[in-house]
Amino acid sequence: MSVALNGVPTKEELKRVTPPEEVLAKKPVVMVECFQNIPCDPCAANCPFGAILPFADINDLPLVDYEKCTGCGICIASCPGLAIFVLDMNYSAREALIKVPYEMMPLPKKGQMVSGLDRQGCKVAEVMVQKVTRTKNKTSIISIVVPKELAQIIRNIRVEDAVNGR
Amino acid sequence: MKEYDIIVVGGGPAGLAAATTAAKCNANILLVDDGLQLGGQLIKQTHKFFGSTEQFAGIRGIDIAHNFIDEISHLSNIEILTQSTATGFFEDGVLTILEGYNGNRLSKVKPRRLIIATGASENMLSFINNDLPGVYGAGAVQTLMNVYGVIPGRAVLMVGAGNIGLIVSYQLLQAGIEVKAIVEALPCIGGYWVHASKIRRLGIPIYTRCTLKEVKGKEEVESVTICNIDDKFNFIPGSERELSVDTICLAVGLSPLAELLWQAGCEMAYIPELCGYVAKRDENMKTSLDHIYIAGDVAGIEEASSAMVEGQIAGLNAAASLGLYHEKYRELNLAFHRQLLQLRHNEVSESITRGIKKATL
Ligand SMILES: Cc1cc2nc3c(=O)[nH]c(=O)nc-3n(C[C@H](O)[C@H](O)[C@H](O)COP(=O)(O)OP(=O)(O)OC[C@H]3O[C@@H](n4cnc5c(N)ncnc54)[C@H](O)[C@@H]3O)c2cc1C
Ligand code: SF4
Ligand code: SF4
């Protein structure tokens, strides 16, 4: 299986877009899970630090200059593919902070426990919402605290909705 | 009979771009659309668009439509006729239009140039019980949900993993509707992988080499049997699975809505890469008839981004053919053609480029 066959990237595919260990050890940075040459460039156009290198061709894959990336997360909401995440491996001794894009209702609240989902939508842990950032283009950015060993696994959340029963 | 420099039929991205561009060349324009409001497919698109940032990428379709509508309200030389269907274009140069909700008023108008930007219609699939209530095209599902705020059902099987199938699945999930699975007959996901990944992260399976075999139900859809298929698209016995759903959503492709062009007598060609019969055209979107131009999905199923650029090209050149040259005609025309080339410079667009070559006069 591969991202082309079922939408879930393989380990090998992910390796190509994972920031280097030494960068992750140093500071929060972006991880861009975009694998296909498609006519799309908002990520590069919206990074205020030029960390996603300008595209020579609109169909280029995004390339990150991790030196320049501050982990600010501005690019997250610009991406129509919801393919961009920020990882901060130094949140605490045992936890990492992940920023994920989110477009479902209801939004979680700060401090709320939600389900942490892997790339197939399976629940792998209960995680804590550290921050909810609403943006102008309506894609919210949810910062979640996850165990370090799940930082490369968790890529989405599910908010149990007591009112609507889902 | 009222006369216009240019009449644009279809108020989607292609028609809107054509009308605004031609208006800036000082042409007087009538824009006709059969919808309740302008925007075509755009008003149903609540997701952020791809494309280049120059061409609205990262903006939601509905907001692109609003930008256009706002721009048009400042252009006094565009008249707008919504809830109106253009029904025929005749030898004497008369375009007939059925106006009003019930189409009960016939009017006749005369354009010096006609730009056809009627978009596309959805394809149907043949299977047992495909006429049961609960079987929808993806476009209908989107209109119900995103324009009228009505959910089509509670549990859905999506047929087709192209961009439309993937995006409409995502929008169904956003509306709180369960999507049981997406089935795709081809061995690969046809839509953008980022869309597929975002649906997978919500826990929805995508089955490739799989299709729907039969829908069951008395008065309405109650369940569906899906089945794997082999290389020759034959069902593989024993691989059937039954899913309990009340809605089947078909996203199995679009065909250019070219009736007006046939009727007007344009030279037509069947081009599989462009998804059906299209009018042959020159590089400035002029058909075999000097007074008729085309733009958007009716010229070949593609994207809103390219539809808008084709609309700009058609609008600019239709006006120029009347002697109404934009002050920056050459620069703009070059820039539009360059943008189209850029948009199509990728693997996904290879077949479109091939098709366009065949369709060029
Ligand atoms: C689910 C979905 C997601 C999409 N996502 C993207 C995306 O992310 N990026 C992108 O670039 N593109 C996207 N597209 C494609 C894009 O919407 C279409 O390619 C684009 O809308 C085509 O524009 P158009 O103006 O040619 O046709 P349309 O938008 O279909 O407009 C045609 C208009 O003409 C009207 N009309 C037709 N016949 C007549 C008549 N006889 N008289 C009067 N009016 C008539 C129609 O009612 C309609 O309003 C998506 C499409 C769908 C369905
Ligand atoms: S996280 Fe901030 S600095 Fe890093 S790529 Fe995104 S926008 Fe640029
Ligand atoms: S904006 Fe998102 S989908 Fe588009 S190229 Fe950048 S990462 Fe890929």
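The values are calculated or read from the model by the stated rules, or taken from the named source; none is laboratory data. Note that the structure is a prediction, hence the values are computed from the model and not measured. Note that each Cβ is placed from the backbone with ideal geometry, even for glycine, and that neighbours are counted across all protein chains shown. Protein only, heavy atoms only, side chains kept; ligands, DNA and RNA dropped before computing areas. Shrake-Rupley method; radii C 1.70, N 1.55, O 1.52, S 1.80 Å.
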Practice prompt. May I ask you to list the residues in the stretch B:180-190 that are more than 9 Å from chain A (Cβ to nearest Cβ), in contact with a helix residue (DSSP H, G or I) (Cβ under 9 Å, 6 or more places away or on another chain) and surrounded by fewer than 24 Cβ atoms within 10 Å (Cβ to Cβ)?
Written response: B:GLY190
Worksheet item: From the residues in the stretch B:31-48 that are in a loop (DSSP other than H, G, I, E, B) and open to solvent by less than 30 Å² (accessible area, probe 1.4 Å), which one is farthest from the other protein chains (Cβ to nearest Cβ)?
Response: B:ASP33
Discussion item. If I filter the stretch A:106-121 down to residues being free of Cβ contacts under 8 Å to residues at least 24 places away in the same chain and not basic (Lys, Arg), which single residue comes out as most open to solvent (accessible area, probe 1.4 Å)?
Written reply: A:MET113
Discussion item. Looking for something out of contact with any helix residue (DSSP H, G or I) (no Cβ under 7 Å at 6 or more places or on another chain), open to solvent by less than 30 Å² (accessible area, probe 1.4 Å) and in a strand (DSSP E or B) - is there at least one such residue anywhere in the stretch B:110-125?
Written reply: yes
Item to complete: Might you check whether a residue that is of a type in the set (Lys, Arg), outside any loop (DSSP other than H, G, I, E, B), within 16 Å of ligand 2 (Cβ to nearest atom) and more than 9 Å from every other protein chain (Cβ to nearest Cβ) occurs anywhere in the stretch A:98-118?
Response: yes
Practice prompt. State whether one or more residues within the stretch B:30-44 are touching a His at 6+ places or on another chain (Cβ under 7 Å) and under 26 Å from B:LYS328 (Cβ atoms).
Written response: no
Worksheet, complete the sentence: Checked the stretch B:336-354 for anything facing chain A (nearest Cβ under 10 Å) and open to solvent by less than 40 Å² (accessible area, probe 1.4 Å); matches are B:GLN339, B:LEU343, B:ARG344, B:ASN346, B:SER349
Worksheet entry | Only listed residue being in a loop (DSSP other than H, G, I, E, B), on the phi > 0 side of the Ramachandran plot and more than 16 Å from ligand 3 (Cβ to nearest atom), chosen from B:GLY190, B:GLY203 | B:GLY203
Item to complete: Would you confirm whether any residue within the stretch B:16-30 is surrounded by 14 or more Cβ atoms within 10 Å (Cβ to Cβ) and within 23 Å of B:ILE164 (Cα to Cα)?
Response: yes
Discussion item. Can you find a residue that is surrounded by 20 or more Cβ atoms within 10 Å (Cβ to Cβ), under 17 Å from the mean Cα position of the chain (by Cα) and under 24 Å from A:MET105 (Cβ atoms) anywhere in the stretch B:146-155?
Written reply: yes
Fill in: Selected residue [in contact with a helix residue (DSSP H, G or I) (Cβ under 7 Å, 6 or more places away or on another chain) and of a type in the set (D, E, K, R)] from B:GLU302, B:GLU331
B:GLU302
Worksheet item: Is it true that some residue in the stretch B:197-207 is more than 8 Å from chain A (Cβ to nearest Cβ), within 24 Å of the chain's Cα centre (by Cα) and either open to solvent by less than 10 Å² (accessible area, probe 1.4 Å) or of a type outside the set (Asp, Glu) (or both)?
Response: no
Response to the item:
Residues of the stretch A:1-47 being closer than 21 Å to A:MET89 by Cα and small (Gly, Ala, Ser), in sequence order, are A:ALA25
Practice prompt. Identify the single condition in (1) at pLDDT 95 or above; (2) more than 22 Å from B:TRP262 (Cα to Cα); (3) more than 14 Å from every other protein chain (Cβ to nearest Cβ) that B:LYS357 does not satisfy, given that it satisfies every other one.
Written response: (2)
Worksheet entry | Residues satisfying the stated conditions in the stretch B:56-78, i.e. within 14 Å of another protein chain (Cβ to nearest Cβ) and open to solvent by 20 Å² or more (accessible area, probe 1.4 Å) | B:PHE56, B:ILE59, B:ARG60, B:ILE62, B:ASP63, B:HIS66, B:ASN67
Worksheet item: Taking the stretch A:73-97 as the region of interest, how many residues are away from chain B (no Cβ under 14 Å) and of a type outside the set (Lys, Arg)?
Response: 12
Fill in: When residues of the stretch A:40-67 are limited to those that are open to solvent by less than 10 Å² (accessible area, probe 1.4 Å) and modelled with pLDDT under 95, the one nearest to ligand 2 (Cβ to nearest atom)
A:PRO42
Practice prompt. Please enumerate the residues belonging to the stretch A:68-97 that are open to solvent by 40 Å² or more (accessible area, probe 1.4 Å), assigned to a loop (DSSP other than H, G, I, E, B) and closer than 13 Å to A:ILE141 by Cα.
Written response: A:CYS72
Worksheet item: If you check A:THR10, A:THR70, A:THR18, which single one turns out to be away from every other protein chain (no Cβ under 14 Å), within 16 Å of A:ARG155 (Cβ to Cβ) and modelled with pLDDT of 95 or more?
Response: A:THR18
Discussion item. Return the pair list, or none, for Cβ contacts closer than 6 Å from residues in the stretch B:1-30 that are touching a residue at least 12 places away in the same chain (Cβ under 8 Å) to residues that are within 16 Å of ligand 3 (Cβ to nearest atom), at least 6 apart or on different chains.
Written reply: B:PRO13/B:ALA304
